[in-house]
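Right, one structure below, let's go through it.
The values are calculated or read from the model by the stated rules, or taken from the named source; none is laboratory data. Predicted model only: the values in this text are computed from it and were never measured. Here Cβ is always computed from backbone atoms with ideal geometry, including for glycine, and neighbour counts include all displayed protein chains. The protein model used for the area step is the full one, side chains on, heavy atoms only, and it has no ligands, DNA or RNA in it. Shrake-Rupley method; radii C 1.70, N 1.55, O 1.52, S 1.80 Å.
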Amino acid sequence: MRSKGTGFRAYTIAYLIFLYAPIVLLPIFAFNNSTIIAFPLAGFTTNWFRELATIPALHHAVWNSLVIAVSTSILSTCLGVFAARASTRYDFPGKGPIIGFIMLPLVLPEIIVAVSLLVVLLGIGIELSAWTVILGHVLICTPFSIAILNSAFQSLDKSLEEAAIDLGETRWSTFRLITFPLIMPGIISSLLISFTISLDEFIIAFFLTGTQPTLPVYIWSQLRFPTKLPSIMALGTILVALSITLLIIAEYFRRRGIARSGGQDAGGFL
Amino acid sequence: MKPIIQIRDVHKYYGDYHALRGINVDIGEGEFFSLLGPSGCGKTTLLRTIAGFEDLSQGTIHIDGRLMEGVPPNKRPTNMVFQSYAIFPHLTVAENVGFGLRRDPRTPAQKAAAVEEALEMVGLKGYGGRAAHALSGGQRQRVALARALILKPRVLLLDEPLSALDKKLREQMQSELRRLQRQVGITFILVTHDQEEALIMSDRIAVMFEGQIAQLAPPQELYRRPVTRQVAEFIGVMNFLPASVATVNGARIDVEVAGLGTVELAAEQCPGGARSGKGSVGFRPETLTILFEGETPRGRVAEGTVEEVTYYGDMTYYGVVPDGVDVPLTISMRNLVGRRVLERGERTRVAWDPAALVLFC
Amino acid sequence: MGATGANRGQPAIMDAKTRWGRFRRSEAASGLLLISPTALYALLMLAVPLAAILLYSVLTDGYLTVEWTPTLANYAEAWGDPLYRQVMLRSLFVSATVTLVTVLLAYPVAYYVSFHVSPSRKSLWLFLITIPFWTSYLIRVFLWKVILGFNGVVNSSLMTLGIIDEPLTFILYNVNAVVITLAHAYAPFAILPIFVALEKIDRSLLEASQDLGESRLLTFWRVTLPLSMPGVVAAVLIVFIPTIGDYVTPQLVGGPEGRMISNAIQLQYLRLDNYPLGSALAVSAMAIVTAVSLVFLFLNRRFLRVRQQ
Ligand SMILES: Nc1ncnc2c1ncn2[C@@H]1O[C@H](COP(=O)(O)OP(=O)(O)OP(=O)(O)O)[C@@H](O)[C@H]1O
Ligand SMILES: [Mg+2]
């Protein structure tokens, strides 16, 4: 038993190294004093980070992405609350197919979502802008929000809400006083996850963004220029650090939510 | 008895499933009323229709003379203690207890006093500042009680409030609940599947099977005069012997009981109604007495063989097969000083009293 | 007479009213009402667009416009042109390979976390496994280009160590690079469903099997593996379906001979402005994905039924 366990453990650690290898390279080259991304390293510098501050196009892209990501996370979390509530509390005709369809973007290649939205938006004459990207991002983030909020609603004991109603509250005030505070951790992690996905999403933004690129679209446009690569590495380092921070916060809230409602930890984000 | 709740011809369907099948009952003001029955018989469903959490498929419920059709749970003069207690985990004990006072016109100081009073009533004085998720099972139960009672409902509904507690705490809470109910004088409706609990606590008990009330009676009557074999089997232990009813004439019924001979029963010994033909008689283990050497019988005597001996310390339960039948009868005997415990296979005499029999046709 | 008539009418109206009232308060109505914003959104932003590309795929491409003449010419081109056929087959091949590699490599990891990690540390391990997935996809793919490139990490390290004299060229700008990169990107997708399936297995079943005389290996083969198959099937689909439509990886590390179907679709839409042909390619890709998935599910129906018991 023991020896078998260690074999698996060694394999799993090797696998984790494979998973993390590219990400580890990121800061190495971001601080490397050379325009060529290759070994051997040429010394330490923070120039590439400083260079980021001097590119207006980058700043516009960051701002665009932030606006899109914030809007997306709020909208998809709202839609997620409705759907998760309906799927955990109510039985209604066509429940399975309806929810299955809403979750479909999880397994649909993103390029399909992108081109089909493009066709429709151009077809009805809507100009491409940050808003069209938001439309697409809400579509793909909502299933993630639903998955997170489903577990938040599931660990919420139904009789808590009934007790509040029994004690004289209305449905709405029950939601405000009981349900909402208790699913708050789920809502926060849904906001953070949607934000992260939207910030990182490339293809839909690539197709649906108009003249104002998002951050990934901007990065994509820079990958062609070898001289820009070190500063892209620096940018990547910042992004990775940011996503990991957001994830840790999201995980913290998810666990706190489970702990608070006294439930069992049922696993990760997916 | 002035009824506070009148339930008339109530039916409830879940899709095709017929969960309540014509419930009719009046529950009196200040009564401690229990709904007793096996799992899945519809007790919770009936309680929730009274509270307003379930719509009726048919029939009416009046509370305090008002028709409850369309009245939501928050507008009904009832409050509920949930099986899981449903203590709000993000609030303190005091906030939980004072939850229903939010719309109350009293000043905050008055409300705080009311909360403190309610906590004192359930024996949790000084616990107000505690976080609710850090309470023990018994304490949660008390918080749930205080939270409901502070609103002075006309009826308090309790769904198996004691089932999550261990045996000792459960017994303690049983007497405490009873005391509390006398103190506040509110009608309590208790759902339970524990027949002993129902017998101990209730003024009246409704025994339910498969969505119907099989018998509605005070504890003593329920125990001594069950109307059907099903009820008799559910409440305590009962022995049955096949019987045939020879004649029914007014107040007197002549019955031929297998192994015991002919007996004459009074009409009240047949609470389910009598007619001639095949049936069975039942009697409780404690109405039978084993006659030890030299004891003289009161009532009639049958002879039989001891087949089964179960020793409980204070009591011994015997399985005795009377001559002429092949069903063992359970007999409970107190282990008095100097009284020996019989061995398996011994012959013995059993005294029995026709007045203790119940006839089921 | 009139009065009685009116009275007689009353209960019917009341009845209809309460029935409507009951439906409105019923679970079904509340549930439908609650899900409707999200469902409506999915309808408008997913169902309608999917229908639209289905429609476009049978229209004729004009210069800068689309003509409303129904035709199957786009499909004829998408399926007939050897170029597209090759791209399609390559996409299938790459996806299938990636799926196979990813799931095979992922299974032991899921097995380790489920069977050998103490319950309190499981979510930490899962968290570690999922983190890379959430970091910028674009940059992760690009990093593989850096690792595998002509003077990239692998080549420069190997040359410094003196293992090779010339940079290896078979590792970038071809199908191999695409497979490695995608296998890396989709790893957590494969691990999680298998882990969930393994977690659901009642441990006493394994003890029962060993108690009945099976060795540990045979217990795995006869009990654990079949019971975890629903997770494996889910992992296969979750990896297979999106990888076939991946755009970034083939574009960045695939080179001309690593192009996949989404690159062709993108070309039609954004470069050549041929929406009908692009739509026909997209619909074909979806049809192939769906067909392969359904066949796969059908072949594994035996394992999936176990779960429902
Ligand atoms: N929401 C529901 N939908 C469908 N069937 C239900 C629903 N609620 C209860 N039932 C069914 O109605 C029957 C009665 O349920 P109820 O909860 O009233 O039983 P109970 O007597 O309280 O049992 P227990 O002692 O187990 O709590 C059960 O068979 C149950 O399956
Ligand atoms: Mg119940």
key: Vicinal HN-Hα couplings computed from phi for segment B:281-287 (Karplus, 6.51 cos²θ - 1.76 cosθ + 1.60; Hz; Gly/Pro x)   = 10, x, 8, 6, x, 7, 8
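Nothing charged except the Cβ atoms of Lys and Arg (+1) and of Asp and Glu (-1): what's the magnitude of the dipole of chain A about its Cα centre? Round to the nearest 20 debye. List each step's numbers first, then the result.
Numbers: 16 positive and 13 negative charges, 126 e Å.
For chain A, the charge dipole is close to 600 debye.
Given Cα pairs under 8 Å that are at least 6 residues apart, what percent is the relative contact order of segment A:1-134?
Details: 42 pairs, mean separation 21.3, N = 134.
Relative contact order here is 16 percent.
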inquiry  = Loop-only trypsin sites (Lys or Arg not before Pro) in segment B:288-361, please: DSSP not H, G, I, E or B, and at most 14 other Cβ atoms within 10 Å.
reply    = B:Arg298, B:Arg339, B:Arg340, B:Arg344
query = Which value in Å does the Kirkwood hydrodynamic radius of segment B:151-236 take, with 1/r averaged over all unlike C-alpha pairs and then inverted?
reply = 13.8
message = As I understand it, the value is the acute angle between the Cα axis of helix C:27-42 and the longest principal axis of the Cα atoms of chain C; what does it come to in degrees, rounded to 10?
response = 40
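Run through segment C:135-237 and list the trypsin sites (Lys or Arg not before Pro) located in a DSSP loop whose Cβ has at most 15 other Cβ atoms within 10 Å.
Details: sites: C:Arg140, C:Lys145, C:Lys200, C:Arg203, C:Arg216, C:Arg222; in loops: none.
Those that pass, being in a loop and sparsely packed, number zero.
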request  = Please identify the longest segment of chain C free of exposed chymotrypsin sites (Phe, Trp or Tyr not before Pro), where exposed means a DSSP state other than H, G, I, E or B and no more than 11 other Cβ atoms within 10 Å.
outcome  = C:171-309
request  = Quantify, in whole percent, the carbon and sulfur part of the accessible surface of segment B:3-224 (1.4 Å probe; protein heavy atoms only).
outcome  = 48
Residue with peak Gaussian network fluctuation, chain A [Cα springs, cutoff 10 Å], from A:Glu251, A:Glu162, A:Glu127 = A:Glu162
remark   = Debye calc, one equal point scatterer per Cα of segment B:307-361, no solvent, log10 I(q)/I(0) at q = 0.23, 0.25 1/Å comes to -1.02, -1.13
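Could you check how many percent of all C-alpha pairs in chain A are farther apart than 29 Å?
Details: 17040 of 36315 pairs.
I get 47 percent for the Cα pairs in chain A exceeding 29 Å.
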ask   = Given chain C reduced to its alpha-carbon atoms as identical point scatterers, what log10 I(q)/I(0) does the Debye formula return at q = 0.08 Å⁻¹?
value = -0.57
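Give me the net charge for the shell around A:Gln222: Cβ to Cβ below 13 angstrom, other residues only, Lys and Arg +1, Asp and Glu -1. All intermediate terms of the calculation are to be shown ahead of the outcome.
Values: positive: A:Arg224, A:Lys228; negative: A:Glu51.
The answer is +1.
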message = For chain B, what does the relative contact order come out to in percent, with C-alpha contacts under 8 Å and a separation of six or more?
response = 15
key: Distance histogram in 5 Å bins (all Cα pairs of segment C:223-262, percent per bin)   = 6, 22, 18, 14, 12, 10, 9, 7, 2, 0
message = Could you compute how fast chain B diffuses translationally, taking Rh as the Kirkwood radius over C-alpha pairs and applying Stokes-Einstein at 25 °C with viscosity 0.890 mPa s? Give it in µm² per second.
response = 106
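State, to one decimal in nm², a quarter of the convex hull surface area for the C-alpha atoms of segment B:237-361, i.e. the direction-averaged projected area. Present the calculation step by step, with values, prior to reporting the outcome.
Details: hull surface 30.4 nm².
If I average the Cα hull's projected area over directions, I get 7.6 nm².
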Per residue convex hull volume, Cα atoms of segment B:1-95, in Å³ = 138
ask   = From the residues B:Ala51, B:Ala232, B:Val93, which one has its Cα farthest along the dipole of chain B in the positive direction, the dipole being from +1 and -1 charges on Cβ of Lys/Arg and Asp/Glu about the Cα centre?
value = B:Val93
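Interface size between chain C and chain A, please: total buried accessible area, 1.4 Å probe, rounded to the nearest 100 Å². Before the final figure, lay out each step's value.
Numbers: alone 19260 and 16000 Å², together 27580 Å².
The contact between A and C buries close to 7700 Å².
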query = Which of the helices in chain A, when you take each full DSSP H run, stretch at least 18 Å along the axis at their Cα atoms and have an average Kyte-Doolittle score of 0.0 or higher?
reply = A:2-30, A:56-89, A:110-123, A:130-154, A:180-200, A:229-260
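When 1/r is averaged over all different Cα pairs and the result inverted, which Kirkwood radius in Å belongs to segment A:71-230? Mind showing how you got there, number by number?
Values: mean 1/r = 0.0570 Å⁻¹.
It is 17.6 Å.
Need one number for segment B:7-51: average projected area of the convex hull over its C-alpha atoms, nm².
On the way: hull surface 14.0 nm².
Hull-based average projected area comes out at 3.5 nm².
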query = Using all Cα-Cα distances in segment B:191-293, what percent lands in each 10 angstrom bin from 0 up to the longest?
reply = 13, 42, 31, 14, 1
remark   = Taking the reciprocal of mean 1/r across every pair of different Cα atoms in segment C:171-284, the Kirkwood radius in Å is 16.9
message = If exposed means no more than 14 neighbouring beta carbons inside 10 Å and the site is in a DSSP loop, what's the longest run of chain B without any exposed GluC sites (Glu not before Pro)?
response = B:70-292
query = Using only Cα atoms, what is the ratio of the radius of gyration of the protein assembly as shown to 2.2 N^0.38 Å?
reply = 1.26
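Express the relative contact order of chain C as a whole percentage, based on alpha carbon pairs under 8 Å and six or more residues apart in sequence. Before the final figure, lay out each step's value.
Numbers: 316 pairs, mean separation 78.1, N = 309.
That works out to 25 percent.
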request  = Report the Stokes-Einstein translational diffusion coefficient (µm² s⁻¹, integer) for segment A:15-151, Rh taken as the Kirkwood radius over Cα pairs, at 37 °C with viscosity 0.692 mPa s.
outcome  = 175
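Per residue and in cubic angstrom, what volume does the convex hull of the Cα atoms of segment A:154-227 have? Present the calculation step by step, with values, prior to reporting the outcome.
On the way: hull volume 10.2 nm³, N = 74.
In segment A:154-227, the Cα convex hull volume per residue is 138 Å³.
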Inter-part distance where segment B:302-361 and segment A:77-119 are each reduced to a Cα centre, Å = 68
task = Tell me which residues come under 5 Å, amide H to amide H, from C:Leu59 once H is placed; ignore anything under 5 positions away on its chain.
result = C:Thr71
task = Add +1 for every Lys or Arg and -1 for every Asp or Glu among the other residues with Cβ under 14 Å from the Cβ of C:Pro242, and state the total.
result = -3
request  = Taking H placed 1.01 Å from N in the peptide plane, check which residues at least 5 places from B:Met208 or on another chain put their amide H under 5 Å from its amide H.
outcome  = B:Leu36, B:Gly37, B:Ala214
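Would you tally the net charge around A:Leu139, using a Cβ to Cβ cut-off of less than 15 Å, leaving A:Leu139 out, and scoring K and R as +1, D and E as -1? The partial results should precede the final answer.
Numbers: positive: none; negative: A:Glu110, A:Glu201.
Result for the local shell: -2.
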